Number of protein chains: 2
Amino acid sequence: MKSSHIVRQQYKITRDDRQTLLQQKPLLLWFTGLSGSGKSTLADRVEQELHVKGYKTYLLDGDNIRHGLNSNIDFSEEGRKENIRRIGEVARLFIDAGIIVLTAFISPFKEDRDRVRQLLPEGEFTEIFVDCPLEVCEQRDVKGLYAKHAAEKFRTSPASPLPSKPRNMQK
Amino acid sequence: MKSSHIVRQQYKITRDDRQTLLQQKPLLLWFTGLSGSGKSTLADRVEQELHVKGYKTYLLDGDNIRHGLNSNIDFSEEGRKENIRRIGEVARLFIDAGIIVLTAFISPFKEDRDRVRQLLPEGEFTEIFVDCPLEVCEQRDVKGLYAKHAAEKFRTSPASPLPSKPRNMQK
């Protein structure tokens, strides 16, 4: 294609155009809670409900994020912060594309979640704290994190795959 | 919500479900070419054509990537590689969501583009080399990169914001 044939168009397809085409307003539903609290299960269920009603959704979770985009992030404090930051930025792109996004990540720190909230226009970020008692989460121990944490206590290791305390998860 | 009320559903909303709802097959249109070659302009035009036909699209370019997700990446060799890797991973998520993605990045290295290609199922990655003569790109010099490059030559600086030679861009 010859460059002289390119007519420069100033207008791009906008966020509004995409919303009109998709016939919906995008939204980020941010599920937060302890490991085993049921974030993914609930997000799944909500996505199913939305999908059968014709809403265009996408679910970001460990399955599609940790092995892909965030595969080069470690579990250090900096790493965890960067993990949430990237998820927030990806969610923002999906929102911009007009999609309803659901995310299911422990995301224990209010500061990190608030940073994501600030990426989006007012009212497009909804935080859902999956308020499941610690004992129930421990009992489920889907990923074996609580057993690992208990074992680590004997070694008095400073690093732990768990958020220190559910306190940070509450408002 | 009490955890006992949660009925575990094994089935998630799948890639196929989303394609059915969106009534399209997703695709990544990867525009590559020199700075000033017209990648963004062309990608814009193609997106407009697709949009008016009812296709659900999203365009990833410097505007929405460099200031957000990839704002913490420098212009070193490693940085450029990571830049393209993340774009590829984000495109993969959009493809998984059922969206037709267009990307407009210089992406001079075949190796990096091929890595993105390998992220996707066969036939879902289409590379579009915007084959604009170097002289025309230099003349346009939309971002002032060529002027900067010329200036740097006098200082015999090893670093340059430009891909060394269009050679890498060709098949």
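Scanning the range A:26-43 for residues that are in contact (Cβ under 8 Å) with a residue 24 or more places away in the chain and not aliphatic (A, V, I, L, M) gives A:Pro26, A:Trp30, A:Phe31, A:Thr32, A:Gly33, A:Ser35, A:Gly36, A:Ser37, A:Gly38, A:Lys39, A:Ser40. Considering the range A:41-64, the residues that are facing chain B (nearest Cβ under 8 Å) and open to solvent by less than 10 Å² (accessible area, probe 1.4 Å) include one that is farthest from B:Gln118 (Cα to Cα), namely A:Glu47. Figure legend. Inter-residue proximity from the range A:110-125: first residues part of a loop (DSSP other than H, G, I, E, B), second residues among the aliphatic types (A, V, I, L, M), beta-carbon distance below 7 Å, spacing 6+ or different chains. Indicated pairs: A:Leu120/A:Leu28; A:Leu120/A:Ile95; A:Glu124/A:Leu27; A:Glu124/A:Leu28; A:Glu124/A:Ile95. Cβ-Cβ contacts under 7 Å between residues 6 or more apart (or on different chains), taken from a first residue in the range A:75-95 that is closer than 14 Å to A:Arg117 by Cα to a second residue that is in a helix (DSSP H, G or I) and open to solvent by 60 Å² or more (accessible area, probe 1.4 Å), are listed as A:Arg85/A:Arg115; A:Gly88/A:Arg115.
Among the candidates B:Gly98, B:Gly88, B:Gly38, B:Gly79, the residue that is within 11 Å of another protein chain (Cβ to nearest Cβ), farther than 22 Å from B:Val130 by Cβ and open to solvent by less than 20 Å² (accessible area, probe 1.4 Å) is uniquely B:Gly98.
The residue that is least open to solvent (accessible area, probe 1.4 Å), counting only those in the range B:12-23 that are among the basic types (Lys, Arg) and in a helix (DSSP H, G or I), is B:Arg18.
Restricting attention to the range B:23-58, report how many residues are basic (Lys, Arg) and touching a Phe, Trp or Tyr at 6+ places or on another chain (Cβ under 6 Å). Result for the range B:23-58: 1.
For B:Pro26, the criteria (1) within 9 Å of chain A (Cβ to nearest Cβ); (2) surrounded by 18 or more Cβ atoms within 10 Å (Cβ to Cβ) hold in every case but one, which is (1). The one condition from (1) open to solvent by less than 50 Å² (accessible area, probe 1.4 Å); (2) at the interface with another protein chain (Cβ under 9 Å from one of its Cβ atoms); (3) of a type in the set (S, T, N, Q); (4) over 15 Å from the mean Cα position of the chain (by Cα) that A:Asn72 does not meet is (1). When the criteria are applied in full, B:Lys148 fails the requirement of being touching a residue at least 40 places away in the same chain (Cβ under 8 Å) and either within 14 Å of chain A (Cβ to nearest Cβ) or open to solvent by 10 Å² or more (accessible area, probe 1.4 Å) (or both).
The values are calculated or read from the model by the stated rules, or taken from the named source; none is laboratory data. If you're wondering where the values come from, they're calculated on a predicted model, not measured in any experiment. So basically every Cβ, Gly included, is an ideal-geometry build from the backbone, and we count neighbours across all protein chains shown. To get the accessible areas, we keep the full protein, side chains included, count just its heavy atoms, and leave off ligands, DNA and RNA. Shrake-Rupley method; radii C 1.70, N 1.55, O 1.52, S 1.80 Å.
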